[in-house]
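This report refers to the structure that appears directly beneath it.
Taken together, the values in this text are just the output of simple stated rules run on the coordinates, not laboratory data. Since the model is a prediction, treat every value here as computed from it, not as a measurement. Please note: Cβ atoms are built from the backbone with ideal geometry, for glycine as well, and neighbour counts cover all protein chains shown.
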Amino acid sequence: MPRELTALRLGSSVFDHRAFAVMAIVNRTPDSFYDRGATFLLAAALDRVDRVVEEGADIIDVGGVKAGVGPPVSEADEIERTVGLVAAIHERYPRIVISVDTYRSGVADVLCEAGAHLVNDAWAGADPKLAEVAARWDAGLVCSHTGGHAPRTDPHRVTYDDVMADVVTGTTGLANRAVDLGVRPDGILVDPTHDFGKNTYHSLEVSRRLGELVDTGWPVLVSMSRKDFVGETLDLPVDERLSGTLAATAVAAWQGARVFRAHDVAATRQVLDMVAAIKGDLPPRAPRRGLA
């Protein structure tokens, strides 16, 4: 159901169609691909939450399981890692939007009860009950694309006749299903899901043609921060991928993406504010040159 660009409502926050929102990554995992467990301990995770809020984060995305291949994590362990953090964020920052990065409906149910406002399902509805949980708690939902790959698997010689067409069909199909199940239309985002079920050529093409997903009318979330497609494009390790990530961020913002999942919040906020100013949606903060 293509729609006109509308406001996105998550918790008590409303983001109009011109607003760019930064989603800060806070992982309570010991084996994350970038931070390698830097925020696994609760105190460290809360310290990061304080920092990213100060840096301009609009949404905090809490995860308890590494996205890629790794040791299995039970549903109970995922809940134990995340529920205390979600509750603490909700108490400390009652107006910040809390997102939970999970593909399990049981986990989402507990975390929404603890105060989460958005279910960030990066695995394209692998658990079909996830949308029902979002509807029950009046939470938002991210509808993603993985090309049919199962959770926590890497792509192997994956092919598409047209990767962007597959992304559009897959994500909008999940969005329409979510609406049918009772999820608020103004709480749904679609995510092309760079790297997931895709090689680097696919992720670059998705980035190049992102406007086609934006044109569906569903708010677009992009999660590109320091990912492999950036590293393989520039032949750089994960700790040297910030510049490439920010370049991809600017391109996505110019094409109309609305929410940006990021490790580097301050730098991402600056890029998005600059793009917004160039587009004419945000005034310069300190205009002086040639005006005095």
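Each of T6 and R18 was given a label point 7 Å from its Cα along the Cα-to-Cβ line. The distance between the two points is 2.0 nm. Comparing mean-square fluctuations of D161, D127, D16 from a GNM of the chain with C-alpha springs under 10 Å, the top value falls on D161. Pairs of Lys residues in the stretch 21-279 are counted when their Cα atoms are under 27 angstrom apart and they lie 8 or more places apart or on different chains; the count is 6. Evaluate the Debye formula for the stretch 34-157 with equal point scatterers sitting on the alpha carbons, no solvent, and hand back log10 of I(q)/I(0) at q = 0.10, 0.23 Å⁻¹, in q order, two decimals. Ignoring solvent entirely, the Cα scatterers give -0.30, -1.45. When only alpha carbons are used to place a centre, the stretch 31-45 and the stretch 136-211 end up 26 Å from one another. Summed over all non-identical Cα pairs, the Kirkwood treatment of the stretch 106-239 gives a radius of 15.3 Å. Annotation: the antiparallel percentage among DSSP beta bridges lying fully within the chain is about 10. Distant-in-sequence amide contacts of G125, defined by a placed amide H-H separation under 5 Å and a gap of 5 or more residues or a different chain, comprise S144. Computed 3J(HN,Hα) for the stretch 82-88, one whole-Hz value per residue from the Karplus formula 6.51 cos²θ - 1.76 cosθ + 1.60 where θ = phi - 60°, is 10, 5, x, 5, 4, 4, 5, glycine and proline marked x. Dividing the summed -39500 (n - 2.57) terms of all DSSP H runs of n ≥ 4 by the residue count of the chain sets its mean residue ellipticity at 222 nm at -12500 deg cm²/dmol.
Based on every Cα atom in the stretch 21-279, Rg and the maximum pairwise Cα distance Dmax equal 16.8, 48 Å. Counted by Cβ distance under 9 Å from T245, the other residues give a net charge of +2, where Lys and Arg count +1 and Asp and Glu count -1. The alpha carbon centroids of the stretch 49-113 and the stretch 219-262 are separated by 22 Å. Summary value for the stretch 108-219: 30 percent relative contact order, contacts being C-alpha pairs under 8 angstrom separated by 6+ residues. Computed from backbone phi, the HN-Hα couplings of the stretch 124-132 come to 6, x, 4, 9, x, 7, 4, 5, 5 Hz, rounded to whole numbers (Karplus: 6.51 cos²θ - 1.76 cosθ + 1.60, θ = phi - 60°; Gly and Pro given as x).
Under a 5 Å amide H cut-off, with hydrogens placed 1.01 Å from N, I188 pairs with L141 among residues at least 5 apart or on other chains. The calculated Kirkwood hydrodynamic radius for the stretch 236-281 is 10.9 Å, given to one decimal from all distinct C-alpha pairs.
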